[in-house]
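Read the structure below first, then the notes.
The values are calculated or read from the model by the stated rules, or taken from the named source; none is laboratory data. Just so it is clear, the structure is predicted and the values come from calculations on it, not from any experiment. Methodologically, a virtual Cβ is constructed for each residue, glycine included, from the backbone with ideal geometry; neighbour enumeration extends over all protein chains shown.
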Amino acid sequence: MNFSIALLPGDGVGPEVVAEGVKVLEAVGSRFGHNFRYEESLVGGIAIDTTGVALPLETLSNAESSDAVMFGAVGGPKWDDPKAKVRPEDGILQIRKALKLFANLRPVKIYPQLEAASPLKPEILQGVDLVVIRELTGGLYYGKPKRRWSTPGGKRRGVDTMAYTEQEIRRVLRVGFELALLRRKRLASVDKANVLESSRLWREIAQEMEKDYPSVTVEHALVDTVAMQLIRNPARFDVIVTENTFGDILTDEAAVLSGSMGMLASASLAETPQPGKPAFGLYEPIHGTAPDIAGQGIANPLAMILSVAMMLRLSLGLENEAQSVESAVEGVLADGYRTQDIAAQDSVAVTTTEMGSKVVGMLSG
């Protein structure tokens, strides 16, 4: 089969990990008889330096005409001026909106070999296998008004608006319910309904929708409670679904469970994924640009490689191929190979490219 993949490496370690993702994808193509065609485009800080904008029209066009998008990361100290009118992060926010990528899926799985990399006790990590679904195109990041100004007395002020429509809430909750049906049939709908009006609407709609999914056990939980339980008893969760800002924070917290952000993949989808019906999506590691280690060849590419596995499954409809990548990652970890972020005393230290090659070797062997 033939597939078109848009590559948006971005800034920092983005190009390094995307290169390893492509290497693994090529190995999948060789093993299973697929052909992947790539179009690479600028996004983020490098796009600002080259074109003056964070998301050039050519980049968006390439993404729109692809079967899926592989995204690295955007941002870095070079572009951190808070007064800048164009920021690298505008690139990812704009592409999410333009491609209608409303649901972000972030699985958190604990590999037994990496329990020592987590600051939590091993007994707390037992049985952790969850997915956080974050609403991606609404809430504080997109709500209007959003502006800064000075009062007549010269005092500075700023405002952001957390706004949601019923349609935005229903569609992301539907992703949560449908995914729960395919897993352990438990859904935690997360809000701040004791304070926020938008959260009260969220909970009201979730309560309406749960009647259509009688086999799913639904928990309506406040975000601060979930933040605590993710550390105290994370195994109690199966599928968590929440709004944009809460999801952004909770998924970074959940990275602690796995021991490193370098292990966490993500998928941003424009449709509700269903068996036999591929959904267009953008796939990226959640670790960001990591500017402090960019160019040193020590970034962990496994989050990008696991994102490739999600792409194979959700956007390309290649379940066996996805499982082969995931099994290869597990095999490499079982053999003791580690990048710097997950290193242990008895592990074998490898570089970014060496880790990618180890996964390719496991796939090919």
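Scanning segment 184-226 for residues that are out of contact with any strand residue (DSSP E or B) (no Cβ under 6 Å at 6 or more places or on another chain), surrounded by fewer than 16 Cβ atoms within 10 Å (Cβ to Cβ) and under 23 Å from Ala254 (Cα atoms) yields Arg184, Lys185, Asp224, Thr225. Within segment 240-247, is even one residue touching an Asp or Glu at 6+ places or on another chain (Cβ under 7 Å), of a type in the set (D, E, K, R) and in a loop (DSSP other than H, G, I, E, B)? Yes, because at least one residue in segment 240-247 is touching an Asp or Glu at 6+ places or on another chain (Cβ under 7 Å), of a type in the set (D, E, K, R) and in a loop (DSSP other than H, G, I, E, B).
The rows are residues; the columns are (1) within 21 Å of the chain's Cα centre (by Cα); (2) part of a helix (DSSP H, G or I).
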{"position": "Gly127", "(1), (2)": "no, no"}
{"position": "Leu130", "(1), (2)": "yes, no"}
{"position": "Val172", "(1), (2)": "yes, yes"}
{"position": "Val190", "(1), (2)": "yes, no"}
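Of the residues screened, Asp11 is one that is under 27 Å from Gly143 (Cα atoms), at pLDDT 95 or above, in the same structural domain as Gly295 (by TED's automatic domain parsing) and acidic (Asp, Glu).
From the list Gly176, Gly143, Gly154, the lone residue that is surrounded by 14 or more Cβ atoms within 10 Å (Cβ to Cβ) and over 19 Å from Leu314 (Cβ atoms) is Gly143. If you filter segment 132-163 down to residues that are in contact (Cβ under 8 Å) with a residue 40 or more places away in the chain and not in a strand (DSSP E or B), you find that the one that is nearest to Asn300 (Cα to Cα) is Leu136. For segment 63-94, enumerate the residues that are of a type in the set (A, V, I, L, M), crowded, with 19+ Cβ neighbours inside 10 Å and more than 12 Å from Gly45 (Cα to Cα). Hits for segment 63-94 are Ala63, Ala68, Val69, Met70. A residue that is closer than 17 Å to Val69 by Cβ, touching a Ser or Thr at 6+ places or on another chain (Cβ under 6 Å) and surrounded by fewer than 24 Cβ atoms within 10 Å (Cβ to Cβ) occurs nowhere in segment 11-20.
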